[in-house]
Amino acid sequence: MDLIDEAAAAEHRQQEDCEAAAVDAALALLRRRLLCGSAATLLLPNSQTNRRKLLEALTNTIIQGCSTSMLLIGPRGCGKSLVLDQVLEALQKSYPERVSVVRLNGLLHANDRCAMKEIAKQMCMEHALTFSKGASFEENLHFLTCVVRECARSHRTMIFVLDEFDLFAQRSKQSLLYNLLDLMQSSSSQAALIGVSSRLDADQLLEKRVRSRFSHCKLLFLPPSTDDIFSLYDRLFLLPVNQCSHWQKFSEDFKEKASVVLQQGSVKQLVDEFMSMEVSGQRCVDLLFRALCELNPQSGHISPAQFKVASANLTPQPKLEILTDVSVLELCLLVAMYRLEAREVESYNFNTVFKEYKRLEEHNTCDVYSKQCALRAFEHLLERELIVFKDSSGLGNMLEVRPIKLLVSRHEIDKGLEGNISCPTILRQWRTHETIK
Amino acid sequence: MRGSQKRKRQYFGRVRLDGVEFKVGDDVYLKRIDAGKEESDEEVEDCVVCRRAGGGTMIECDICLGGFHLKCLDPPLKAVPAGDWACLYCEEGEGRNKRKRPTRRSIKRHRTARERLLASELWAARIDRLWKEPDSSYWFEGPWYIIPEETAMGRQPHNGRREVFRTNHIDTNEMESILRHCYVMEPGAFQKASNEGDDVFFCEYEYDAQWHTFRRIANIDQNDLALSNDGNSEGDWSGDNTEEHEVKSSTYRKHKKQKKVIKEVPIRRKKYSIAAKHANSHSRIGGLEGLWAKSIPSDVRRSQTEFEKAKHALLLSSIPGSLPCRETERKEIRSFLDDAVAAGTQCLGRCLYISGVPGTGKTATVLEVLRGLHKRVEDGELQPYRFIEINGLRLISPEHTYTMIHEALTGEHIGWKKALQKLDKRFSQIVSSSSVDGRPCILLVDELDLLVTRNQSVLYNIFDWPTRAHSRLIVIGIANTIDLPERLLPRIASRMGLQRISFSPYTHHQLQEIIHSRLCGIQAFDKLSVEFASRKVAAVSGDARRALELCRRAVELAEQRLSDLSSTTIKGCRHAKGLGASGKLIGMADVEAAILEMFQAPHMQIMKQSSKQAKIFLLAILHEQNRTGMAETSFEKVAIAHSLLCSTNNEQCPNWDTLLAIGCRLGACRLLLSEQGSQHRLQKLQLNFPSEDVSFALKDNKEVPWLAKYLC
Ligand SMILES: Nc1ncnc2c1ncn2[C@@H]1O[C@H](COP(=O)(O)OP(=O)(O)OP(=O)(O)O)[C@@H](O)[C@H]1O
Ligand SMILES: Nc1ncnc2c1ncn2[C@@H]1O[C@H](COP(=O)(O)OP(=O)(O)OP(=O)(O)O)[C@@H](O)[C@H]1O
Ligand SMILES: [Mg+2]
Ligand SMILES: [Mg+2]
Ligand SMILES: [Zn+2]
Ligand SMILES: [Zn+2]
């Protein structure tokens, strides 16, 4: 009798282990999908067409030697880097030894001289040559031309990727862009230049002869529609099958539960609302990732509550949080400043504000703070950027006399007063009271 | 010791041996010493069918290289067909009724030199240098040719039957070992070659016997013109290349000594070391052999479709030998240069300023003229000159011009201040016109406007040197603005603006001609569509680059359209048949699509696709703008308007922090012009596009239909 029981228990435990393992495996898989540049099938439809176009264009360059230039534009987080990385990886896989990629970033390579140096450095790395730090711009340019020519003669394609392309275009001479694009139209090169930018007018920034050399081929990355997002979620939850029966059962279960959850009105509305603020591939991936982080490993299935937490997590309200956290004295000072603004006082400084604050004291029973104390609170506000100095003039002057500006609006102060638990009621009245008057 | 020996060596441009002339650049068969008994070098090839040589035109099978009389074929052919041709034996090679190839007669057939080369019984090499040793034996030096079987990869399916590779291994051989001439051509010439006989081969690649790698042989046009500077010949320019030497065969025979021709099996040289040199810091860059391809990819040898040919022809890089539509300008530049070079010591103050908007063929035309000039020098018709090319955008600062010019003239790299001094001195002193330094020097300064400095000294110097009596400097400046000389100091303008050529933007007729001339012989474009494209470009800029790119894009779009179409037809529907031949060409629709892609700004699409709150935010700005009549507003005002819009239309209003984020995001993709987000309430905002565009994009929105009522 006992024996049978034990066997059943062991089996049960084993099953539990199996299930836990399945949950872990599923979570790991989903996280990987979400974080590490998911597979081509897990792209949003717009990105998929862009991926195809980019792949076609670059394959064309590799096989037929037609040099091109191209610009990938779209708002931040819409999959530009993701698609580009996928395409480059695919090319390197299908044409090994026939593509070399040079990557530059406008934020990292702040001027043309160091960008050119970086190109030479990456080329040296790729082909195991010795790089010289001391080479001048002209020498590096010459080196670049030679390597590109040599590559073309050996059926190798150079692909230049310029991330944050607009920053390269904002340099005074644009000599890097001119030279790279000029290289594209020389007969002895087989290369492609791919600019990535989040500025829609990136190609308008080019100087006229640089623009003339640019092919004007643009790939536009658009933010997804809600339907696209849900279909992406569906595809993401589709776990791959394998022989293990536990896994089989679990994955089917998982998908079913997930699709039920996604069908629910409340989840639909929540996602809709979340996306109505800002919409991008990045955001829909983020939302899901946060939701998965909240997943309860015991149940192993996704639920609407997790989406709620995730959405709240991803909607930060920094100003409001600061306002609900500040001390009473700081609140008083803010309200005092607000009152000054409401009376259309053009310019004010700490002394004026403190005077206004004193008037609050006259009215009431509130704690009274010294000027020293108030100054400390004032500094605190400055640190938190709730107020700033009006201009940089009078830097040497005393803190008290430099003119300041209030960076929070009435609406936000109201919200802050409401939310701040330590806020005395008199302060709320005071804010409205004399403004009306 | 070696020096003295060298002095006795006599180099020749061409040598006549036994009545056959060999010159530098020729390709020859070499006898292989170890090849055993010599076969007579019977040249005639016999017909595979009748086994007889001569008697009627013969045709060669492209697969087995067998020769056939036209009349011996079944059915007989009247003329040599165009393109590849395969004989009956090869054509039906795999078929059931495989024809039996006539077996070789038992009598010993003479094999041709070509067959022996392809069987590795002969060798081939190129003559790079010819000389006579002090013992009056004749020698030459040059790279070997090898057949595909001799490479590390062995013969690949896509190697041609008559393909050979030039190795980068150079050897010295006695002229004695030469069998006779053979002809190794580049693929283009090989295609056209018809009656050079049996000893024709083509060579597209260079082979590195040590690394077992390949690379394409650069064709001559690609080598830049500047290479001619080095002046491989000192002294008088007339006639050093054409030195001829006649050798009486009898005297030569006397010295006949069997020297071994040893084709060295490439021994591994000591491991290639580039550590000694930094790859990127010397003007002569070495160590790039590692980049060569391990094998020749098979896909480069595919035959091209019409569309692919069109794409190639339209590439910016495939510059035609002679640019159409620039005849007058070309003539002017040519006569300017001819005059200047021919003027000799009288060459004084020769400056030419060329202006024109981008992509009108300025640089291309000048380079073309220079190529012509270069050729004439090589043919000995013109005095040699030196050529220096400088591009304002390739210099890190304008003063570097001096360094570059000095380096080009002397090969010495020094700082610009010192270079300026030296150049100044050099251009003022008398140099004998027979030395290299005394040759006229053509200085091409591209993107001249970049060299304008605060005190304009660089430009002043460049245009002042030609006016010095002994400089013999000829300057051609290229820039975009027509009135650049007028914008400069008068003393520069007076020197630079004397002779000018301005390249006007292309009209649509010209663009059409340019495109048609490039597409000559390629059936890809509908005639009207080319006209449409050129009209569009001519109306915008008259930029040839734009027109070519536009057409190329149209080809790509058409290619895609057709491939989509064929994939749908495979699925079952047959409506593609209806398109007929016209659908196979690039039509108006494709050009229109390309124009749309190229000229349409993307902001409308982004606005249409942006999130709901972002749209309301844009509307709020528009609203504020209309209310105040001023383009610029602040975040606070917009946020208030936004909340108002939301509350009157039963939308949930996001908090201000979110609104700020929305504004910054719109600012990041430049739908708005905005200040930094840290300005918060005081952040200044402004629409970056006309308000009509914004209201057009926001209208007819299914997601937030109420937007329409605020937009009229
Ligand atoms: N179309 C998409 N499909 C799937 N995931 C996407 C998509 N777009 C964005 N993502 C997700 O968002 C992340 C960020 O996208 P990515 O790095 O490509 O943005 P980006 O367009 O390059 O932005 P930035 O302009 O800031 O560089 C990706 O790693 C991916 O997880
Ligand atoms: N008449 C023409 N026929 C054929 N192709 C042309 C012609 N004119 C220009 N092109 C094409 O346009 C390209 C640009 O020409 P080119 O480099 O001479 O322009 P550019 O006038 O020097 O412009 P930039 O001022 O920008 O240097 C050439 O590479 C060539 O392919
Ligand atoms: Mg990116
Ligand atoms: Mg030019
Ligand atoms: Zn015959
Ligand atoms: Zn045959």
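The values are calculated or read from the model by the stated rules, or taken from the named source; none is laboratory data. What you are looking at is a predicted structure, and each value in this text was computed from that prediction instead of being measured. Positions of Cβ are backbone-derived with ideal geometry, glycine not excepted, and every protein chain shown enters the neighbour counts. The area values use the complete protein model at the heavy-atom level, side chains included, leaving out ligands, DNA and RNA. Shrake-Rupley method; radii C 1.70, N 1.55, O 1.52, S 1.80 Å.
Considering each residue of region A:38-78, count those that are more than 10 Å from every other protein chain (Cβ to nearest Cβ) and modelled with pLDDT under 90, and give that number.
The qualifying residues number 8.
Only residues that are crowded, with 21+ Cβ neighbours inside 10 Å, more than 9 Å from ligand 1 (Cβ to nearest atom) and part of a helix (DSSP H, G or I): list them for region A:62-80, please.
A:Ile62 - this is the single residue of region A:62-80 that is crowded, with 21+ Cβ neighbours inside 10 Å, more than 9 Å from ligand 1 (Cβ to nearest atom) and part of a helix (DSSP H, G or I).
Within the group B:Arg350, B:Arg301, which residue is surrounded by 22 or more Cβ atoms within 10 Å (Cβ to Cβ), basic (Lys, Arg) and more than 10 Å from ligand 2 (Cβ to nearest atom)?
Testing whether each residue is surrounded by 22 or more Cβ atoms within 10 Å (Cβ to Cβ), basic (Lys, Arg) and more than 10 Å from ligand 2 (Cβ to nearest atom) leaves just B:Arg350.
Just to be sure, is A:Ala377 within 29 Å of B:Cys653 (Cβ to Cβ) and part of a helix (DSSP H, G or I)?
Against the criterion (within 29 Å of B:Cys653 (Cβ to Cβ) and part of a helix (DSSP H, G or I)), A:Ala377 does not qualify.
Where residues in region B:115-141 are of a type in the set (D, E, K, R) and not in a loop (DSSP other than H, G, I, E, B), which of them is nearest to B:His181 (Cα to Cα)?
Looking at residues that are of a type in the set (D, E, K, R) and not in a loop (DSSP other than H, G, I, E, B), I get B:Arg126.
Could you figure out which of (1) at pLDDT 90 or above; (2) assigned to a helix (DSSP H, G or I); (3) more than 13 Å from chain A (Cβ to nearest Cβ) isn't true of B:Ile662?
(3)
Find the residue count for region B:21-34, including only residues that are at pLDDT below 75 and farther than 13 Å from B:Leu179 by Cα.
Looking only at that region, the number is 1.
How about region B:641-663: which of its residues are closer than 21 Å to B:Tyr710 by Cα and aliphatic (A, V, I, L, M)?
Correct list: B:Ala641, B:Leu644, B:Leu645, B:Leu659, B:Ile662.
Out of (1) away from ligand 2 (no atom under 16 Å from the Cβ); (2) free of Cβ contacts under 8 Å to residues at least 24 places away in the same chain, the odd one out for A:Ser187 is which?
Tallying (1) away from ligand 2 (no atom under 16 Å from the Cβ); (2) free of Cβ contacts under 8 Å to residues at least 24 places away in the same chain, A:Ser187 fails exactly one: (1).
What residue, of A:Asp112, A:Asp182, A:Asp166, is among the charged types (D, E, K, R) and within 16 Å of ligand 1 (Cβ to nearest atom)?
A:Asp166
If a residue must be open to solvent by 50 Å² or more (accessible area, probe 1.4 Å) and in a helix (DSSP H, G or I), how many such residues does region A:126-142 contain?
Of the residues in region A:126-142, 2 are open to solvent by 50 Å² or more (accessible area, probe 1.4 Å) and in a helix (DSSP H, G or I).
Go through region A:180-288 and tell me which helices (runs of 4 or more DSSP H), entirely inside it, have 2 or more residues that are away from ligand 4 (no atom under 16 Å from the Cβ).
Correct list: A:226-236, A:245-263, A:265-277.
If you go through region A:109-150, how many residues are facing chain B (nearest Cβ under 8 Å), of a type in the set (Gly, Ala, Ser) and under 20 Å from A:Phe165 (Cα atoms)?
The total comes to 1.
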